[in-house]
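Contents: one structure, followed by commentary.
The values are calculated or read from the model by the stated rules, or taken from the named source; none is laboratory data. Please read all numbers here as calculations on a predicted model, not as lab measurements. Neighbour counts run over all protein chains shown; Cβ positions are idealised from the backbone, glycine included. Only protein heavy atoms, including side chains, enter the accessible area calculation; ligands, DNA and RNA are left aside. Shrake-Rupley method; radii C 1.70, N 1.55, O 1.52, S 1.80 Å.
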Amino acid sequence: MYRFIIATALVFTGVTYNSYADDIKVEFSGFASLALSYSDDPDIAFSPNYLNIDDTGWSATRDSILGGQANITLANNWDSVVQFVLEDHANTDFENYLELAFLRYRPSRNWAIRAGRLNSDLYLLSEYPHVGYAYLWVRPPHEYYSFASTAGKFDGVDIEYSQSINDGFLRLKLAAGNTTAKLKASGQDFFIDFDHLMTFSATYVLDAWTMRFSISQADAGDYKLEALNEFIDLLNSVPAPVWPQAASLSASFDTKNHSIEYAALGLTYDNDNWLIQSEIGISESPWLVASSNINGYVSVGYRLDKVTLFSSVSISENRHKITTVTAPQFLPGTPIQVTFPLQQLALASKEAVDRLVVHQHSINVGVKWQALENLIVKAQIDHFDIQPFGGGLWGISDPVNVEKEHRINVFTVSANMVF
């Protein structure tokens, strides 16, 4: 249904543009971030989010972005927005680069209805996560916005109500749709559907303060990953008396009957020299691939004319007890042809569980310089402290490195522009 909505929005926009070109106003804009970064741990690969390629050492692509947007004003309170963003995605399907493509109708000053590909509105940066020019850091906080990347956009509809209240401005938004996260895992395509997505957000702006509260729920739907299919089939084939945990592990890795709930709270203070921003998010999910987490950050910036100094601290941790994989039990004299494959399966299960755990903290310091009206230059140093069995946001090829604590420094310089 929602794929049909986005296609209809694009077709309607194109037909309307061709039919009433003389009455339509089209505005084109763009943004870009050119970045060079260095990660100093050769054993663990860094990526700014789940969608992009992770790598070690020097990189000129991991944080570089090029985006373009068309704002099309139509007659009778109708308008449309289409936005493409090119970045270093691991999966290069067209859909991964189409960020926005919606049709909007404003029946009155207070109401707006959109249909098509939309931003999720769960986060303070939901409307501009790719526009480095618009925020302090060289990239959105890693511990918080890595998770946001998988559901930052969705196909569906939303309805918004906005109203001035006293000296402030309130915006309420309700949305429904679905989305597909298109990733890579061990070199294979990894597609995950999130169905029946429902979100609600409330944003209130008062003087220098912006506050946002949001909640979301989605069902984990179909997935595409051959290795995961084979892994689940193997777990299902194990006799319960030999390894009772196999069935529960299979159910935890499968998407069937699993939903993900999420709540977030964000706060920004932007006045004179000071810019303070913080967000905290809590997820609840029995699905091991996207287990329950708490993540958040606090960022402080201080303006000195055209230069802003800033620093942030961030956290991301699993909220519940980590799954412990127990070994199969065999009767004495069981042939090695039986015991060895099951022992290997148990070891693979433990490695899979351990790789998904997230437990890290970080601190960064940086400087932002307004070089020109449409050009900002930034430099930032991040120090990440990743606990043993806590590197779920990183690319770890050797299972031994999953068990180690890692202290990683990432240095980045970037030029962010709008045009």
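Brief remarks on what is shown
- Number of the condition not met by Leu375 [criteria: (1) at pLDDT 95 or above; (2) open to solvent by 10 Å² or more (accessible area, probe 1.4 Å); (3) within 17 Å of Tyr38 (Cα to Cα); (4) of a type outside the set (Phe, Trp, Tyr)]: (3)
- Within segment 209-230, considering residues that are open to solvent by less than 30 Å² (accessible area, probe 1.4 Å) and modelled with pLDDT under 95, the one nearest to Pro286 (Cα to Cα): Ala220
- Out of Phe419, Phe340, Phe330, Phe389, sole residue that is under 21 Å from Ala247 (Cα atoms), in contact (Cβ under 8 Å) with a residue 60 or more places away in the chain and open to solvent by 50 Å² or more (accessible area, probe 1.4 Å): Phe330
- Restricting attention to segment 126-164, the residues being touching a residue at least 40 places away in the same chain (Cβ under 8 Å), in a strand (DSSP E or B) and open to solvent by 30 Å² or more (accessible area, probe 1.4 Å) number 5.
- Exactly one residue out of Ile381, Ile363 is in contact with a His (Cβ under 8 Å, 6 or more places away or on another chain), in a strand (DSSP E or B) and of a type in the set (A, V, I, L, M): that is Ile363.
- Residue list for segment 66-85, restricted to those being assigned to a strand (DSSP E or B) and of a type in the set (A, V, I, L, M): Leu66, Ala70, Ile72, Val81, Val82, Val85
- For segment 86-98, the criterion of a residue being in a strand (DSSP E or B) and at pLDDT 95 or above is satisfied by at least one position.
- Within segment 165-188, considering residues that are surrounded by 14 or more Cβ atoms within 10 Å (Cβ to Cβ) and of a type in the set (Val, Ile, Thr), the one farthest from Asn119 (Cα to Cα): Thr180
- Some residue of segment 55-75 being among the hydroxyl-bearing types (Ser, Thr, Tyr) and in contact with a helix residue (DSSP H, G or I) (Cβ under 8 Å, 6 or more places away or on another chain): no
- Checked against the criterion of being part of a helix (DSSP H, G or I) and among the hydroxyl-bearing types (Ser, Thr, Tyr), the candidates Thr334, Thr339, Thr324, Thr412 yield just one match: Thr339.
- Per-region count, segment 215-237, residues over 16 Å from Lys350 (Cα atoms) and touching a residue at least 24 places away in the same chain (Cβ under 8 Å): 12
- Restricted to segment 279-294, and to residues there that are open to solvent by less than 40 Å² (accessible area, probe 1.4 Å) and part of a strand (DSSP E or B), the residue that is nearest to Ala371 (Cα to Cα) is Glu279.
- Qualifying residue in segment 105-120 (condition: within 26 Å of Arg62 (Cα to Cα), without any contact (Cβ under 8 Å) to a residue 40 or more places away in the chain, in a strand (DSSP E or B) and open to solvent by 10 Å² or more (accessible area, probe 1.4 Å)): yes
- For segment 295-315, the tally of residues that are of a type outside the set (Lys, Arg), at pLDDT 95 or above and open to solvent by 50 Å² or more (accessible area, probe 1.4 Å) stands at 7.
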